[in-house]
Amino acid sequence: LGLDMEELEEIEEDAGLGNGGLGRLAACFLDSMATLGLAAYGYGIRYEYGIFNQKIRDGWQVEEADDWLRHGNPWEKARPEYMLPVHFYGRVEHAATGAKWVDTQVVLALPYDTPVPGYMNNTVNTMRLWSARAPNDFNLRDFNVGDYIQAVLDRNLAENISRVLYPNDNFFEGKELRLKQEYFVVAATLQDIIRRFKASKFGSTDSVRTVFDSFPDQVAIQLNDTHPAMAIPELMRVFVDIEKLPWNKAWDITKRTFAYTNHTVLPEALERWPVDLVEKLLPRHLQIIYEINQRHLDYIASLFPNDVDRLRRMSLIEEGGTKRINMAHLCIVGSHAVNGVAKIHSEIVKAQVFRDFAVLEPEKFQNKTNGITPRRWLLLCNPGLAELIAEKIGEDYVRDLSQLTKLHEFVDDDLFIREVAKVKQENKVKFALYLEKEYKVKINPSSMFDVHVKRIHEYKRQLMNCLHIITMYNRIRRDPAKLFVPRTVIIGGKAAPGYHMAKMIIKLINAVGHVVNNDPIVGNKLKVIFLENYRVSLAEKVIPATDLSEQISTAGTEASGTGNMKFMLNGALTIGTMDGANVEMAEEAGEENLFIFGMRVEDVMELDREGYNAQEYYDRLPELKQAIDQIKSGFFSPDEPDLFKDVVNMLFHHDRFKVFADYEAYIKCQEKVSELYLNSKAWTKMVIKNIAAAGKFSSDRTIKEYARDIWHVEPSDLKIPPPNEPRDAAEDKTPNGTAA
């Protein structure tokens with residue numbers, strides 16, 4: 001047809017239905033589950049508007065609505081035949097037959113199915129996303145005789161539930177609409193699961209046993225953080241109120257069905273819903289949560305008599321001020337397995353955040369280190385490197401990434417070293433062209449591409465990177481003749497619209513970039529680019545072109561990180577703290593093959609005990625003082641000298657993430673990076689060692705661990721015959737297993 005495939009791919013909109021790592025992880029997991037032949041479903045909300053599009057105007061972030069469905073979505077299929085009712089508000093009636101939730105408002109959940117193909121195995125799973133629809137009698141069935149037009153317009157109130165994604169990453173915003181969204185996806189999904197269970201041959205039984213006895217053997221539900229935590233009281237409501245199971249039986253089945261993954265330890269991210277709000281929106285669920293809590297606390301009290309403080313700490317209900325429900329506690333109590341997403345994070349979960357629960361049931365707590373799909377994050381985004389690897393070790397590594405260790409044989413192969421460097425250079429030239437086209441900035445493709453892309457958050461310490469940029473700038477100006485390894489520093493990411501400090505950080509980076517990029521003394525030694533509207537499709541371009549990956553969160557704050565793994569697989573070297581999965585990356589590749597710096601978790605805790613005093617670092621380190629003085633004096637904002645006073649004040653007086661404490665170690669580590677970059681061959685050897693050690697970080701490995709340790713299903717490498725082949729031969733080979 002004379003169409004260019006790459007041009008077509010550029011036109012397609014990202015389905016930006018998540019915020020950061022959490023949503024992208026789910027997408028990688030779906031790819032791996034299909035590739036491993038698991039009978040698995042991904043459930044979520046079909047937001048009409050996804051994560052906002054970010055525009056940078058005059059250095060500031062401006063948000064635009066992400067109207068991603070404007071031109072239609074060819075991959076989805078609406079399934080009106082599976083539409084389900086979801087109830088809100090109302091009241092609870094108690095009768096001899098049990099509790100009844102009555103006088104509710106109904107919203108319909110319309111499913112849209114998107115196929116999830118496994119890699120070359122003829123398996124196609126389903127992602128089912130729910131869209132909210134008002135019933136046709138909405139606002140017309142009751143006594144409002146007159147205003148028909150207004151009643152139809154009011155349908156929007158119900159349909160707003162799936163209108164827009166809340167754009168917070170690692171931050172809890174206790175809004176009623178958000179709670180509606182959380183319950184909406186949960187109630188629709190559980191009805192769907194139960195319908196499928198009852199229709200299957202496992203659901204029917206000749207014996208006198210309760211129909212639901214086999215439920216946990218046939219169904220496993222993984223809670224991706226606490227956002228779907230209402231699934232626990234909802235399943236209890238279905239079992240107890242509708243199916244008339246006795247409480248203890250219902251609770252046993254519920255616990256054996258659910259498992260919970262914790263994704264953050266930041267206190268501001270933990271969901272704590274006000275009891276009043278839950279009582280208004282979901283009155284029956286509040287009663288069930290109270291009953292769960294009562295039985296839970298009775299049990300604790302029987303083990304630890306008179307330990308009232310332990311009861312307070314472990315309660316699902318937080319007293320004091322407004323009463324709140326601690327959703328993480330609900331998830332732990334209602335699940336048979338709880339996991340963190342990297343070794344160090346899972347240890348922190350057990351030893352600190354949920355210590356009381358881990359003491360009680362140590363066997364419940366596990367680790368499942370995150371991973372990424374090598375299909376998207378190598379084959380699709382970096383075909384040059386994927387092909388080069390396949391030439392050396394064959395193509396099987398795509399489904400078994402541990403085979404990358406075979407690359408160790410070629411670390412000293414001069415030809416291979418040159419080819420790896422050549423692929424990286426080609427990717428850099430291509431990205432440089434893209435930047436020129438999109439941003440009208442000339443960049444030097446032989447400079448080191450130093451990349452820091454992720455959501456903008458204080459704990460991720462984009463500010464520390466910024467201080468390094470200012471320090472490099474000052475060194476060039478102090479001694480322009482001195483050898484300087486040229487860098488293009490690329491920072492990108494979205495700030496939550498209500499996160500003032502994150503927006504100031506974006507403005508500061510752009511202000512510093514404006515000064516640096518227009519200083520003739522600097523020339524092309526140093527360029528600073530803020531990447532507008534960072535998203536998956538842009539990550540696929542920038543990651544293969546990166547030389548240095550910035551993973552510099554304060555130790556103990558980044559649960560895992562997955563961008564770190566993508567960079568490692570695509571031939572970038574990592575500068576990072578001993579945080580999240582960085583620890584395991586260093587373990588796999590050898591610490592000497594990453595640029596590790598700064599405080600460890602123990603050092604951070606020690607500093608907290610003695611008290612972090614930012615001033616003492618400022619007084620002791622002249623280059624830090626100079627950089628901060630420049631920000632404070634308006635060197636980077638001459639028209640508005642005190643523009644960044646909030647940022648400076650935060651750094652001195654309430655920096656929870658201790659930027660100054662790691663500054664010196666970071667700068668010294670960056671000097672080692674520059675030194676190695678001068679020796680192209682030594683740099684590329686280290687790159688090859690990293691790629692060879694990246695195998696552990698496939699989401700295939702992660703999913704195999706979930707399948708075996710939590711869901712109790714076996715992955716199948718059976719290649720289902722394609723639809724054009726007769727089925728009967730393969731029929732008896734089809735394994736029966738749990739649907740995850």
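The values are calculated or read from the model by the stated rules, or taken from the named source; none is laboratory data. Computed from a predicted structure; not experimentally measured. No Cβ is skipped: glycine too gets one built from the backbone with ideal geometry, and neighbour counts run over all protein chains shown. These area figures cover heavy atoms from the full protein model, side chains too; ligands, DNA and RNA do not enter into them. Shrake-Rupley method; radii C 1.70, N 1.55, O 1.52, S 1.80 Å.
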Subset of segment 332-387 [free of Cβ contacts under 8 Å to residues at least 24 places away in the same chain, more than 25 Å from Gly563 (Cα to Cα) and among the small types (Gly, Ala, Ser)]: Ala351, Ala358
Subset of segment 565-622 (residues that are within 20 Å of Gln352 (Cβ to Cβ), touching a strand residue (DSSP E or B) at 6+ places or on another chain (Cβ under 8 Å) and not hydrophobic (A, V, I, L, M, F, W, C)): Thr577, Asp579, Gly580, Asn582
Residue pairs meeting the criteria (Cβ under 7 Å; at least 6 apart or on separate chains; first part of a helix (DSSP H, G or I), in segment 284-310; second open to solvent by 90 Å² or more (accessible area, probe 1.4 Å)): Leu286/Glu279
Number of the exception - Phe635 against (1) in contact with a Phe, Trp or Tyr (Cβ under 6 Å, 6 or more places away or on another chain); (2) over 30 Å from Val341 (Cβ atoms); (3) assigned to a loop (DSSP other than H, G, I, E, B): (1)
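Can you confirm whether segment 602-620 contains a residue that is touching a Ser or Thr at 6+ places or on another chain (Cβ under 6 Å), assigned by the TED database to the domain that holds Lys460, surrounded by 13 or more Cβ atoms within 10 Å (Cβ to Cβ) and modelled with pLDDT of 95 or more?
Looking for residues that are touching a Ser or Thr at 6+ places or on another chain (Cβ under 6 Å), assigned by the TED database to the domain that holds Lys460, surrounded by 13 or more Cβ atoms within 10 Å (Cβ to Cβ) and modelled with pLDDT of 95 or more, one finds none in segment 602-620, hence no.
Conditions (1) over 21 Å from the mean Cα position of the chain (by Cα); (2) not hydroxyl-bearing (Ser, Thr, Tyr), marked per residue:
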{"residue": "Glu93", "(1), (2)": "yes, yes"}
{"residue": "Val107", "(1), (2)": "yes, yes"}
{"residue": "Asp113", "(1), (2)": "yes, yes"}
{"residue": "Thr123", "(1), (2)": "yes, no"}
{"residue": "Asn136", "(1), (2)": "yes, yes"}
{"residue": "Asp142", "(1), (2)": "yes, yes"}
{"residue": "Leu153", "(1), (2)": "yes, yes"}
{"residue": "Ala158", "(1), (2)": "yes, yes"}
{"residue": "Asn170", "(1), (2)": "no, yes"}
Are any residues in segment 354-375 open to solvent by less than 40 Å² (accessible area, probe 1.4 Å) and under 27 Å from Ser698 (Cβ atoms), and if so, which ones? Lys364, Phe365, Lys368, Thr369, Asn370, Gly371, Ile372, Thr373, Pro374, Arg375
From the list Ala390, Ala386, Ala328, which residue is among the hydrophobic types (A, V, I, L, M, F, W, C) and within 23 Å of the chain's Cα centre (by Cα)? Ala328
Please find, among Asn427, Asn465, the residue that is in the same structural domain as Ile667 (by the TED database), at pLDDT 95 or above and of a type in the set (S, T, N, Q). Asn465
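Kindly provide the set of residues from segment 621-636 that are open to solvent by 30 Å² or more (accessible area, probe 1.4 Å), closer than 17 Å to Ile506 by Cα and either in contact (Cβ under 8 Å) with a residue 24 or more places away in the chain or among the β-branched types (Val, Ile, Thr) (or both), ordered by number.
Scanning segment 621-636 gives a single hit, Phe635.
Mind listing whichever residues of segment 1-35 are in a helix (DSSP H, G or I), under 19 Å from the mean Cα position of the chain (by Cα) and either charged (D, E, K, R) or surrounded by fewer than 16 Cβ atoms within 10 Å (Cβ to Cβ) (or both)?
Those that are in a helix (DSSP H, G or I), under 19 Å from the mean Cα position of the chain (by Cα) and either charged (D, E, K, R) or surrounded by fewer than 16 Cβ atoms within 10 Å (Cβ to Cβ) (or both): Arg24, Asp31.
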Single match in Pro115, Pro111, Pro135 (criterion: at negative phi and either part of a loop (DSSP other than H, G, I, E, B) or touching a Cys at 6+ places or on another chain (Cβ under 6 Å) (or both)): Pro135
Counting only residues in segment 671-702 that are touching a Gly at 6+ places or on another chain (Cβ under 9 Å) and charged (D, E, K, R), the one surrounded by the most Cβ atoms within 10 Å (Cβ to Cβ) is identified as Asp700
Out of Arg272, Arg284, Arg237, I need the residue that is open to solvent by 10 Å² or more (accessible area, probe 1.4 Å) and under 29 Å from the mean Cα position of the chain (by Cα). Which one? Arg272
Take the conditions open to solvent by less than 10 Å² (accessible area, probe 1.4 Å), under 21 Å from Pro445 (Cβ atoms) and not in a helix (DSSP H, G or I) and apply them to Gly571. Does it pass? yes
Just to confirm my filter: which strands (runs of 3 or more DSSP E) fall fully inside segment 36-97 and include at least 2 residues that are open to solvent by 60 Å² or more (accessible area, probe 1.4 Å), more than 30 Å from Asp400 (Cβ to Cβ) and in contact with a strand residue (DSSP E or B) (Cβ under 9 Å, 6 or more places away or on another chain)? 60-64, 91-95
Identify the single condition in (1) assigned to a helix (DSSP H, G or I); (2) closer than 30 Å to Pro267 by Cα that Leu433 does not satisfy, given that it satisfies every other one. (2)
In segment 642-678, anything under 16 Å from Ala555 (Cβ atoms), assigned to a helix (DSSP H, G or I) and of a type in the set (Asp, Glu) is listed as Asp662, Glu664
Would you call Val420 under 20 Å from Ile575 (Cβ atoms), modelled with pLDDT of 95 or more, assigned to a strand (DSSP E or B) and of a type in the set (Val, Ile, Thr)? no
In segment 498-550, the residues that are open to solvent by less than 10 Å² (accessible area, probe 1.4 Å), in a loop (DSSP other than H, G, I, E, B) and under 22 Å from Glu426 (Cβ atoms): Thr546, Asp547
Considering every residue within segment 637-655, establish whether at least one is open to solvent by 10 Å² or more (accessible area, probe 1.4 Å), in contact with a strand residue (DSSP E or B) (Cβ under 9 Å, 6 or more places away or on another chain) and closer than 30 Å to Val583 by Cα. no
Any chance segment 472-491 includes a residue that's aromatic (Phe, Trp, Tyr) and buried (at least 17 other Cβ atoms within 10 Å of the Cβ)? yes
Any residue that is more than 24 Å from Gln287 (Cβ to Cβ) and buried (at least 21 other Cβ atoms within 10 Å of the Cβ) - is there at least one of those in segment 202-220? yes
